[in-house]
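The values are calculated or read from the model by the stated rules, or taken from the named source; none is laboratory data. Just so we're clear, the structure is a prediction, and the values are computed from it rather than from any experiment. Cβ placement follows ideal geometry from the backbone for every residue including glycine, while neighbour counts extend to all protein chains displayed.
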């Protein structure tokens, strides 16, 4: 069996098969999304995510098929004219481009690939901006935005909605939801589930803005509007038939993580992050792209390689370890390594031993 | 174990668990949608669907998370101004409404709930219409449009694109793809798989129209545009991470159905349809909504009940059989029964015996 240290889709969590079997035995693949059985599943999954991610009582959880779709739905639903994007990699850039494709004015502040934001307080964001789009954890560059910086952004721009992409950092990322209007992730990253489900976390202010745009007659799309999500959510239902088994399995996974405790998950992640840092410090063949430790993603490690990364990836694959190649501008010279809960400290240790042999 | 004769989500196919296990063992839940393993899966699934549904060489298969999303993407991508909708139930009506929500001029020809189109040649469709939207099989009303009528529509309106909703009739429906620009379905109906995947079948003319609209600067959305689907399809990839395991399992299911043969699947469906017809003829407590046998869906049976349908559904449920209630205007007085390949002739026989006891 291959072991996936790719950054998503990634290694399936050891518990996944069991949770799937339970869901299958309960015939969840056959139930209606207007049945009581589904409503109970939706409510349970939201409750478990609320605990795991420390959501506020007003944040709702909506389900989409992917985080990519959430980019589009969010821009369509809460932005009439202008969005502002903190671009720290290829995915935040794509989010920015989506806004343009949807006919909005999209402003951005971009840092060079592999760098973080030195001082978010210095970023000039016009007061007319309706939505500030941040990517807390950039899967392409391995750069994160520290929690305090996200809080600072909201404090300085209370008139704008703010959202953050935690696709590859949830549940590790300690987002302060008192200062975050929306966030989103997909389950094939740190939750260790197969792809096919996105999670969109939305507060009252965002719904209010969406309702305002609707009233003004702004085109918000026909499918998966915030209005349709909220109307159905009141009854623990969804606008159309969702990936029901995935919602059920996500609920079980979040409950499992809650039993383990988010503190333990964070501690394990940090232990593995230290192992990665130590590896980098002791192997001149790989280098982080920045010296600012605060800017380094804890869950997605990106290294520039002295040798040809393609070679490294192939040799690791021959040893049954799948790492990810670089993305976008980093494609030719970088490797990426996931630090997700599906891999234990021991898994990481063994993989790094192997990598040490390969790059030496 | 309950047996689902609901019209979708419905009974999972007896082969589903095996196919899922195979996919899981092959670690398909972890692979990248830019990997060779994924490309092979995509190509295989398309090939099997091409055989099963008798697609022409020019029709491509794109994957979305749901058929509902396809309604929206299709209207956004190939309709600049005007769509025309043949409305024969709640879902075709919703498709029609989507067009209005997207700011298009949406024209329609509507028949009363439970009736079919007597003479499609008489339906006046302006030559300015860009897309004629039909619902070959209406899951809400149990009404179908015969294949010949769909051909007639295209022959009379060659200047318009035509699409058809085969959500709850594929693969049974013998659509003539020489005369059909686009079609779509989801896998939780007659394919007997859990929800989470839609299939969009698209020909050259549709892509050409989409490219024309793109060139004119018409807003087509940012995610899942026809352009992005086609660009990725050239390399057997998808615009963003799809429900990879579902695509893999669908390919295995289509291959299984091809081994059985579409003729056999159609024959079995028709045997069970005759059983349903015989049941109706011999039980005055249930009645089809029309005497036109050609208008009766072969895969979704809808009956108006003399007695309270809620009572019937509850009594059947107590006997481990789940039937569907009526939908929309038929909610208070109808029941719906799926005639999908997941249930054998024997399954249908036993269920009808039980139903006979319940309504007598």
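Evaluation of residue A:227 against the conditions (1) surrounded by 24 or more Cβ atoms within 10 Å (Cβ to Cβ); (2) within 14 Å of chain B (Cβ to nearest Cβ); (3) over 24 Å from residue B:185 (Cα atoms); (4) more than 13 Å from the chain's Cα centre (by Cα) shows that the sole unmet condition is (1). Residue count for region B:5-39 under the criterion of being without any contact (Cβ under 8 Å) to a residue 12 or more places away in the chain and closer than 20 Å to residue B:257 by Cβ: the result is 3. Quick one: in region A:185-205, of everything that is surrounded by 24 or more Cβ atoms within 10 Å (Cβ to Cβ) and away from chain B (no Cβ under 13 Å), which residue is farthest from residue A:298 (Cα to Cα)? Looking at the filtered set, the residue picked out is A:202.
When each of B:332, B:281 is tested for being more than 27 Å from residue A:34 (Cβ to Cβ) and either free of Cβ contacts under 8 Å to residues at least 40 places away in the same chain or in the same structural domain as residue B:166 (by TED's automatic domain parsing) (or both), the lone residue that passes is B:281. Within region B:290-302, the residues that satisfy the criterion of being touching a residue at least 40 places away in the same chain (Cβ under 8 Å) and within 21 Å of the chain's Cα centre (by Cα) are B:294, B:295, B:296, B:297, B:298, B:299, B:300, B:301, B:302.
Residue count for region A:149-184 under the criterion of being in contact with a helix residue (DSSP H, G or I) (Cβ under 6 Å, 6 or more places away or on another chain) and over 24 Å from residue A:124 (Cβ atoms): the result is 5.
Remark: residue B:92 matches the filter, which requires a residue to be buried (at least 22 other Cβ atoms within 10 Å of the Cβ) and modelled with pLDDT of 95 or more.
Of all residues assigned to region A:323-331, none qualifies as being closer than 24 Å to residue A:175 by Cα and surrounded by 16 or more Cβ atoms within 10 Å (Cβ to Cβ).
Confirm whether residue A:132 is surrounded by 21 or more Cβ atoms within 10 Å (Cβ to Cβ), on the phi < 0 side of the Ramachandran plot and more than 14 Å from chain B (Cβ to nearest Cβ). The answer is yes for residue A:132. Applying the criterion of at least 3 residues that are under 20 Å from the mean Cα position of the chain (by Cα) and within 10 Å of chain B (Cβ to nearest Cβ) to the helices (runs of 4 or more DSSP H) found wholly in region A:15-108 leaves A:67-78, A:90-101. Only a single criterion out of (1) part of a loop (DSSP other than H, G, I, E, B); (2) exposed (fewer than 15 other Cβ atoms within 10 Å of the Cβ); (3) not assigned by TED's automatic domain parsing to the domain that holds residue A:57 is not satisfied by residue A:311, namely (1).
When you look at residue A:233, is it without any contact (Cβ under 8 Å) to a residue 24 or more places away in the chain, touching a helix residue (DSSP H, G or I) at 6+ places or on another chain (Cβ under 9 Å) and at negative phi, yes or no? Please lay out each step first, then the result.
On the way: without any contact (Cβ under 8 Å) to a residue 24 or more places away in the chain: no; touching a helix residue (DSSP H, G or I) at 6+ places or on another chain (Cβ under 9 Å): yes; at negative phi: yes.
No: the conditions fail for residue A:233.
You will find that of A:273, A:340, A:279, the residue that is under 19 Å from the mean Cα position of the chain (by Cα), surrounded by 16 or more Cβ atoms within 10 Å (Cβ to Cβ) and part of a helix (DSSP H, G or I) is A:273 and no other. Annotation note: Cβ proximity below 8 Å between a residue of region B:315-326 that is on the phi > 0 side of the Ramachandran plot and a residue that is surrounded by fewer than 22 Cβ atoms within 10 Å (Cβ to Cβ) and at pLDDT 95 or above (sequence gap 6+ or interchain) occurs for B:320/B:2; B:320/B:3.
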